[in-house]
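Notes follow once the structure below has been shown.
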Amino acid sequence: MELSIINIGNSKGIRLSKTILEKYNIQDKIELILEKGFIVLKPKAEPRKNWEKAFQEMHKNGDDQLLIDDVFDDENFEEWN
C-alpha cells in the first residue's frame, strides 16, 4: 500500500483510513518500532487499562470475595519448615 506524506503543522505524517484503523483495532495510540530498514506500526496494547476502576466497582458490589479458600483445612505447613 502506498501512502502520501502530508503536512501536519510543522511536522509531516501519514493518514490511515478508517478501514485500516478498524481492521487492526487502532484506537488512540500506536507503537512505532524501528527495525532494520523497516518502520512497523502496531496498535498500542493496554491490557490492564481501567482495571483499577473495575476492581473498585467489584468491591462496591461485593464481587471481590474469594471463590475458594486460599488455605484448606487439611493443609500441613510443618513440611515447609
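Bear in mind these aren't lab numbers, they're just calculated from the coordinates by the rules spelled out. Computed from a predicted model, the values in this text were never measured in an experiment. Cβ atoms come from the backbone with ideal geometry, glycine included; neighbour counts cover every protein chain shown.
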- Note on the structure: Note on the range 35-81: residues among the hydrophobic types (A, V, I, L, M, F, W, C) and either in contact with a strand residue (DSSP E or B) (Cβ under 6 Å, 6 or more places away or on another chain) or touching a residue at least 24 places away in the same chain (Cβ under 8 Å) (or both) are Val40, Leu41
- Message: Looking only at the range 39-81, how many residues end up being in a loop (DSSP other than H, G, I, E, B), of a type in the set (S, T, N, Q) and surrounded by 10 or more Cβ atoms within 10 Å (Cβ to Cβ)?
- Response: 0
